[in-house]
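The values are calculated or read from the model by the stated rules, or taken from the named source; none is laboratory data. All of these numbers come straight from a predicted model, not from anything done at the bench. Glycine also receives a Cβ, built like all others from the backbone with ideal geometry; neighbour counts cover every protein chain displayed. We work out accessible area using only protein heavy atoms, side chains counted, and drop any ligands, DNA or RNA first. Shrake-Rupley method; radii C 1.70, N 1.55, O 1.52, S 1.80 Å.
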Amino acid sequence: MTSTSRARYEGLFPVVPTPFTESGELDLESQKRCVDFMIDAGSNGLCILANFSEQFLLSDEEREVLTRTVLEHVDGRVPVIVTTTHFSTDVCAARSRRAQEQGAAMLMVMPPYHGATFRVPEPQIFEFYARLSDAVDIPIMIQDAPAAGTPLSAAFLARMAKEIEHVAYFKIETAGAAAKLRELIRLGGDAIEGPWDGEEAITLVPDLDAGATGAMTGGGFPDGIRPILDAWRAGRRDEAIAGYERWLPLINIENRQCGPLAAKSLMKEGGVIACEAPRHPFPAIHPAARALLIETAKRLDAQVLRWAR
(Lines give C-alpha, C1' and ligand atoms only; values in the text may rest on other atoms or scores of the structure.)
Protein backbone atom coordinates (compact mmCIF):
# COMPACT_ATOMS: atom_id res chain seq x y z
CA MET A 1 0.00 0.00 0.00
CA THR A 2 1.36 3.43 -0.91
CA SER A 3 0.76 6.57 1.07
CA THR A 4 -1.46 7.97 -1.68
CA SER A 5 -3.89 5.06 -1.45
CA ARG A 6 -5.03 6.11 2.02
CA ALA A 7 -4.62 9.88 1.91
CA ARG A 8 -7.52 11.72 3.49
CA TYR A 9 -6.89 14.87 1.48
CA GLU A 10 -5.59 15.27 -2.07
CA GLY A 11 -5.90 17.75 -4.91
CA LEU A 12 -6.08 21.53 -4.92
CA PHE A 13 -6.22 23.46 -1.62
CA PRO A 14 -5.50 27.10 -2.53
CA VAL A 15 -4.82 29.80 0.04
CA VAL A 16 -7.73 32.13 0.77
CA PRO A 17 -6.70 35.81 0.70
CA THR A 18 -7.92 38.21 3.39
CA PRO A 19 -9.85 41.19 1.96
CA PHE A 20 -9.63 44.47 3.86
CA THR A 21 -11.56 47.70 3.46
CA GLU A 22 -9.81 50.82 2.18
CA SER A 23 -9.27 51.86 5.80
CA GLY A 24 -7.83 48.46 6.76
CA GLU A 25 -10.67 46.68 8.55
CA LEU A 26 -11.68 43.10 7.81
CA ASP A 27 -14.29 42.91 5.04
CA LEU A 28 -16.23 39.80 5.99
CA GLU A 29 -18.80 40.07 3.19
CA SER A 30 -16.01 40.14 0.61
CA GLN A 31 -14.38 37.29 2.52
CA LYS A 32 -17.48 35.14 2.10
CA ARG A 33 -17.74 35.92 -1.63
CA CYS A 34 -14.05 35.08 -2.02
CA VAL A 35 -14.65 31.66 -0.43
CA ASP A 36 -17.72 31.03 -2.60
CA PHE A 37 -15.79 31.84 -5.75
CA MET A 38 -12.89 29.59 -4.81
CA ILE A 39 -15.21 26.66 -4.15
CA ASP A 40 -17.20 27.27 -7.34
CA ALA A 41 -13.95 27.49 -9.33
CA GLY A 42 -13.02 23.92 -8.41
CA SER A 43 -11.02 23.95 -5.17
CA ASN A 44 -10.93 20.54 -3.48
CA GLY A 45 -10.39 22.37 -0.20
CA LEU A 46 -9.14 25.69 1.17
CA CYS A 47 -6.37 26.99 3.43
CA ILE A 48 -6.85 30.08 5.59
CA LEU A 49 -4.52 32.34 7.60
CA ALA A 50 -1.45 31.39 5.56
CA ASN A 51 1.26 33.83 4.49
CA PHE A 52 -0.64 34.54 1.27
CA SER A 53 -3.58 35.43 3.55
CA GLU A 54 -1.40 38.22 5.00
CA GLN A 55 -1.60 36.39 8.34
CA PHE A 56 1.39 38.34 9.63
CA LEU A 57 -0.78 41.49 9.56
CA LEU A 58 -3.64 40.07 11.62
CA SER A 59 -4.33 40.35 15.33
CA ASP A 60 -5.15 37.27 17.38
CA GLU A 61 -8.75 38.46 17.69
CA GLU A 62 -9.01 38.86 13.92
CA ARG A 63 -7.66 35.34 13.39
CA GLU A 64 -10.47 34.04 15.58
CA VAL A 65 -13.07 36.06 13.67
CA LEU A 66 -11.76 34.86 10.30
CA THR A 67 -11.54 31.22 11.36
CA ARG A 68 -15.10 31.24 12.66
CA THR A 69 -16.47 33.21 9.71
CA VAL A 70 -14.86 31.06 7.03
CA LEU A 71 -15.60 27.68 8.64
CA GLU A 72 -19.22 28.61 9.30
CA HIS A 73 -19.66 29.94 5.78
CA VAL A 74 -18.00 26.95 4.12
CA ASP A 75 -20.33 24.77 6.20
CA GLY A 76 -18.67 21.51 5.22
CA ARG A 77 -18.72 22.08 1.45
CA VAL A 78 -14.97 21.45 1.31
CA PRO A 79 -12.34 20.69 3.98
CA VAL A 80 -10.49 23.72 5.36
CA ILE A 81 -6.87 23.79 6.53
CA VAL A 82 -6.20 26.41 9.21
CA THR A 83 -2.69 27.82 9.61
CA THR A 84 -1.79 28.12 13.30
CA THR A 85 1.92 28.93 13.15
CA HIS A 86 3.46 30.62 16.21
CA PHE A 87 6.91 30.57 17.81
CA SER A 88 5.46 29.52 21.15
CA THR A 89 4.54 25.84 21.48
CA ASP A 90 1.74 26.64 23.93
CA VAL A 91 0.26 29.42 21.79
CA CYS A 92 0.41 27.25 18.66
CA ALA A 93 -1.24 24.36 20.50
CA ALA A 94 -4.00 26.62 21.84
CA ARG A 95 -4.64 28.10 18.39
CA SER A 96 -4.72 24.60 16.95
CA ARG A 97 -7.20 23.25 19.50
CA ARG A 98 -9.55 26.16 18.83
CA ALA A 99 -9.29 25.62 15.08
CA GLN A 100 -10.07 21.93 15.52
CA GLU A 101 -13.06 22.74 17.73
CA GLN A 102 -14.39 25.08 15.06
CA GLY A 103 -14.17 22.42 12.34
CA ALA A 104 -10.71 22.62 10.78
CA ALA A 105 -9.84 19.53 8.75
CA MET A 106 -6.09 19.99 9.11
CA LEU A 107 -3.54 22.36 10.62
CA MET A 108 -0.63 23.91 8.72
CA VAL A 109 2.31 24.94 10.88
CA MET A 110 5.77 26.30 10.09
CA PRO A 111 8.68 25.43 12.42
CA PRO A 112 9.30 27.94 15.23
CA TYR A 113 11.02 31.10 14.03
CA HIS A 114 10.95 34.83 14.62
CA GLY A 115 12.49 37.51 12.47
CA ALA A 116 15.72 36.86 10.65
CA THR A 117 17.74 35.15 13.36
CA PHE A 118 15.59 33.58 16.10
CA ARG A 119 15.58 29.82 15.43
CA VAL A 120 15.62 26.64 17.49
CA PRO A 121 17.57 23.39 16.81
CA GLU A 122 16.11 20.05 15.75
CA PRO A 123 15.39 18.64 19.23
CA GLN A 124 13.18 21.64 20.04
CA ILE A 125 11.49 21.50 16.61
CA PHE A 126 10.72 17.82 17.12
CA GLU A 127 9.30 18.50 20.59
CA PHE A 128 7.30 21.44 19.23
CA TYR A 129 5.48 19.24 16.72
CA ALA A 130 5.19 16.35 19.19
CA ARG A 131 3.46 18.56 21.76
CA LEU A 132 1.24 20.03 19.07
CA SER A 133 0.27 16.53 17.96
CA ASP A 134 -0.60 15.60 21.54
CA ALA A 135 -2.93 18.60 21.73
CA VAL A 136 -5.08 17.76 18.68
CA ASP A 137 -6.76 14.91 16.82
CA ILE A 138 -6.48 16.10 13.21
CA PRO A 139 -3.62 15.94 10.67
CA ILE A 140 -0.75 18.39 10.85
CA MET A 141 0.94 19.70 7.70
CA ILE A 142 4.51 20.91 8.16
CA GLN A 143 5.10 23.94 5.96
CA ASP A 144 8.70 23.71 4.76
CA ALA A 145 9.18 27.22 3.45
CA PRO A 146 12.16 29.58 3.07
CA ALA A 147 10.33 32.22 5.14
CA ALA A 148 11.11 30.26 8.30
CA GLY A 149 14.83 30.19 7.55
CA THR A 150 14.92 26.81 9.28
CA PRO A 151 16.59 23.90 7.48
CA LEU A 152 14.39 20.79 7.61
CA SER A 153 16.10 17.85 5.96
CA ALA A 154 14.07 15.14 4.26
CA ALA A 155 15.44 12.69 6.84
CA PHE A 156 14.26 14.86 9.74
CA LEU A 157 10.81 15.36 8.18
CA ALA A 158 10.49 11.62 7.57
CA ARG A 159 11.48 10.89 11.16
CA MET A 160 8.78 13.23 12.46
CA ALA A 161 6.21 11.59 10.18
CA LYS A 162 7.12 8.18 11.56
CA GLU A 163 7.35 9.14 15.21
CA ILE A 164 4.76 11.89 15.73
CA GLU A 165 1.17 10.67 15.44
CA HIS A 166 -0.59 13.47 13.56
CA VAL A 167 2.34 14.75 11.45
CA ALA A 168 1.42 13.33 8.05
CA TYR A 169 1.37 16.13 5.44
CA PHE A 170 4.22 18.22 4.07
CA LYS A 171 4.09 21.35 1.95
CA ILE A 172 7.51 21.56 0.32
CA GLU A 173 8.42 25.05 -0.95
CA THR A 174 12.19 25.03 -0.72
CA ALA A 175 14.60 25.08 -3.66
CA GLY A 176 14.83 21.70 -5.35
CA ALA A 177 11.36 20.76 -4.12
CA ALA A 178 10.97 17.75 -6.44
CA ALA A 179 14.21 16.15 -5.24
CA LYS A 180 13.22 16.73 -1.63
CA LEU A 181 9.77 15.24 -2.20
CA ARG A 182 11.31 12.11 -3.73
CA GLU A 183 13.68 11.69 -0.80
CA LEU A 184 10.92 12.36 1.73
CA ILE A 185 8.68 9.72 0.16
CA ARG A 186 11.57 7.25 -0.08
CA LEU A 187 12.55 7.67 3.57
CA GLY A 188 9.10 8.06 5.06
CA GLY A 189 7.10 5.48 3.11
CA ASP A 190 3.50 5.15 4.28
CA ALA A 191 4.05 7.70 7.04
CA ILE A 192 4.08 10.40 4.31
CA GLU A 193 0.34 10.58 3.77
CA GLY A 194 0.40 13.88 1.91
CA PRO A 195 3.49 15.06 0.03
CA TRP A 196 2.33 18.42 -1.38
CA ASP A 197 3.50 21.06 -3.80
CA GLY A 198 3.45 24.74 -2.81
CA GLU A 199 4.80 28.14 -3.88
CA GLU A 200 1.92 28.97 -6.22
CA ALA A 201 2.49 25.86 -8.38
CA ILE A 202 5.64 27.32 -9.96
CA THR A 203 7.21 23.83 -9.78
CA LEU A 204 3.98 21.84 -10.07
CA VAL A 205 4.87 19.39 -12.85
CA PRO A 206 8.27 18.38 -11.43
CA ASP A 207 6.64 18.00 -8.02
CA LEU A 208 3.83 15.83 -9.41
CA ASP A 209 6.45 13.73 -11.18
CA ALA A 210 8.16 13.35 -7.80
CA GLY A 211 4.98 12.04 -6.18
CA ALA A 212 3.12 15.12 -4.90
CA THR A 213 -0.56 14.35 -4.31
CA GLY A 214 -1.74 17.84 -3.41
CA ALA A 215 -1.02 21.45 -4.28
CA MET A 216 -1.45 24.60 -2.22
CA THR A 217 -1.50 27.53 -4.61
CA GLY A 218 -2.71 31.10 -4.68
CA GLY A 219 -6.46 31.54 -4.71
CA GLY A 220 -7.04 33.51 -7.91
CA PHE A 221 -7.53 30.77 -10.51
CA PRO A 222 -8.48 27.34 -9.16
CA ASP A 223 -10.28 26.73 -12.47
CA GLY A 224 -6.88 26.70 -14.16
CA ILE A 225 -5.04 24.46 -11.71
CA ARG A 226 -7.70 21.89 -10.80
CA PRO A 227 -7.95 20.35 -14.31
CA ILE A 228 -4.17 19.87 -14.35
CA LEU A 229 -4.30 17.89 -11.11
CA ASP A 230 -7.37 15.91 -12.22
CA ALA A 231 -5.73 14.93 -15.49
CA TRP A 232 -2.52 13.93 -13.73
CA ARG A 233 -4.33 11.77 -11.19
CA ALA A 234 -6.24 10.08 -14.02
CA GLY A 235 -3.00 9.18 -15.78
CA ARG A 236 -3.39 11.72 -18.60
CA ARG A 237 0.10 13.17 -18.22
CA ASP A 238 0.27 14.85 -21.64
CA GLU A 239 -3.04 16.61 -21.01
CA ALA A 240 -1.86 17.77 -17.59
CA ILE A 241 1.40 19.15 -19.01
CA ALA A 242 -0.45 20.94 -21.81
CA GLY A 243 -2.74 22.56 -19.25
CA TYR A 244 0.19 23.55 -17.10
CA GLU A 245 2.01 25.11 -20.03
CA ARG A 246 -1.11 27.11 -20.84
CA TRP A 247 -1.49 28.54 -17.33
CA LEU A 248 2.21 28.85 -16.52
CA PRO A 249 2.50 32.51 -17.66
CA LEU A 250 -0.13 33.50 -15.10
CA ILE A 251 1.45 31.30 -12.41
CA ASN A 252 4.80 32.94 -13.15
CA ILE A 253 3.41 36.48 -12.88
CA GLU A 254 1.81 35.64 -9.54
CA ASN A 255 4.89 33.93 -8.15
CA ARG A 256 7.56 36.28 -9.47
CA GLN A 257 5.84 39.67 -9.86
CA CYS A 258 2.73 40.05 -7.72
CA GLY A 259 3.03 37.66 -4.79
CA PRO A 260 0.34 37.59 -2.09
CA LEU A 261 -1.68 40.38 -3.70
CA ALA A 262 -2.25 38.63 -7.04
CA ALA A 263 -5.42 36.82 -5.97
CA LYS A 264 -6.94 39.96 -4.48
CA SER A 265 -6.19 42.00 -7.61
CA LEU A 266 -7.86 39.37 -9.77
CA MET A 267 -10.83 39.18 -7.43
CA LYS A 268 -11.23 42.96 -7.30
CA GLU A 269 -11.03 43.18 -11.09
CA GLY A 270 -13.75 40.56 -11.37
CA GLY A 271 -16.01 42.05 -8.71
CA VAL A 272 -15.59 39.20 -6.23
CA ILE A 273 -14.24 41.48 -3.49
CA ALA A 274 -14.67 45.20 -2.92
CA CYS A 275 -11.05 46.20 -2.23
CA GLU A 276 -7.68 44.70 -3.09
CA ALA A 277 -5.52 46.86 -0.83
CA PRO A 278 -3.09 45.15 1.51
CA ARG A 279 -2.86 46.20 5.12
CA HIS A 280 -0.20 48.79 5.92
CA PRO A 281 2.81 48.62 5.84
CA PHE A 282 2.68 45.93 3.14
CA PRO A 283 3.20 47.72 -0.22
CA ALA A 284 0.52 47.77 -2.87
CA ILE A 285 1.00 45.83 -6.09
CA HIS A 286 2.88 47.76 -8.80
CA PRO A 287 0.42 49.07 -11.43
CA ALA A 288 2.46 47.61 -14.31
CA ALA A 289 2.57 44.19 -12.65
CA ARG A 290 -1.17 44.37 -12.00
CA ALA A 291 -1.90 45.29 -15.61
CA LEU A 292 0.13 42.33 -16.88
CA LEU A 293 -1.62 40.03 -14.40
CA ILE A 294 -5.08 41.08 -15.58
CA GLU A 295 -4.10 41.00 -19.26
CA THR A 296 -2.80 37.46 -18.90
CA ALA A 297 -5.85 36.30 -16.94
CA LYS A 298 -8.14 37.74 -19.64
CA ARG A 299 -6.33 35.80 -22.36
CA LEU A 300 -6.97 32.64 -20.36
CA ASP A 301 -10.61 33.58 -19.70
CA ALA A 302 -10.01 33.01 -15.98
CA GLN A 303 -13.27 32.45 -14.12
CA VAL A 304 -12.39 35.03 -11.48
CA LEU A 305 -12.94 37.83 -14.02
CA ARG A 306 -16.51 36.78 -14.82
CA TRP A 307 -17.78 34.84 -11.78
CA ALA A 308 -19.48 37.85 -10.15
CA ARG A 309 -20.85 39.38 -13.35
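The table below gives the values:
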| item | result |
| --- | --- |
| Calculated diffusion of region 194-293, Stokes-Einstein form, Kirkwood radius summed over Cα pairs, 25 °C and 0.890 mPa s, µm²/s | 172 |
| Compactness of region 96-163, expressed as Rg and Dmax over alpha-carbon positions, Å | 12.3, 34 |
| Cβ-based charge dipole, region 219-309, positive-most Cα from V272, P249, Q303 | V272 |
| Surface share of carbon and sulfur [accessible, 1.4 angstrom probe, percent] for region 1-86 | 48 |
| Rg ratio (alpha-carbon, reference 2.2 N^0.38 Å) - region 1-116 | 1.08 |
| In order through region 83-94: 3J(HN,Hα) via Karplus (6.51 cos²θ - 1.76 cosθ + 1.60), integer Hz, x for Gly, Pro | 7, 10, 3, 7, 5, 6, 4, 5, 5, 4, 5, 5 |
| Within region 201-261: Cβ-based charge dipole about Cα centre, in debye rounded to nearest 20 (Lys, Arg +1; Asp, Glu -1) | 40 |
| Largest-first principal axis extents, alpha carbons of the chain, Å | 50, 47, 37 |
| Pair-distance profile P(r), taking every C-alpha pair of region 120-232, with 5 angstrom steps and integer % | 2, 12, 23, 23, 20, 12, 6, 2, 0 |
| 3J(HN,Hα) from dihedral phi, region 32-43, Karplus parametrisation 6.51/-1.76/1.60, rounded to Hz, x for glycine, proline | 5, 5, 4, 5, 4, 4, 5, 6, 4, 7, x, 4 |
| Order of exposure, largest accessible area first, which applies to F87, F13 with probe 1.4 Å | F87, F13 |
| Dipole moment magnitude, nearest 20 debye, the chain about Cα centre, only Lys, Arg, Asp, Glu C-beta charged | 440 |
| Mean ellipticity per residue at 222 nm, deg cm²/dmol - from DSSP H runs of n ≥ 4 across the chain, formula -39500 (n - 2.57) | -13500 deg cm²/dmol |
| Residue among H86, L58, N44 farthest towards the positive dipole end of region 27-93, charges placed on Cβ | N44 |
| Region 117-127 - phi-based ³J(HN,Hα) in whole Hz, Karplus 6.51/-1.76/1.60, Gly and Pro as x | 10, 7, 9, 10, x, 3, x, 6, 5, 4, 5 |
| Amide H contacts of G219 (H built 1.01 Å from N, under 5 Å, at least 5 apart or other chain) | V15, A263 |
| Within region 239-309: Cβ-based charge dipole about Cα centre, in debye rounded to nearest 20 (Lys, Arg +1; Asp, Glu -1) | 240 |
| Bridge type composition, the chain - antiparallel percent by DSSP, nearest 5 | 10 |
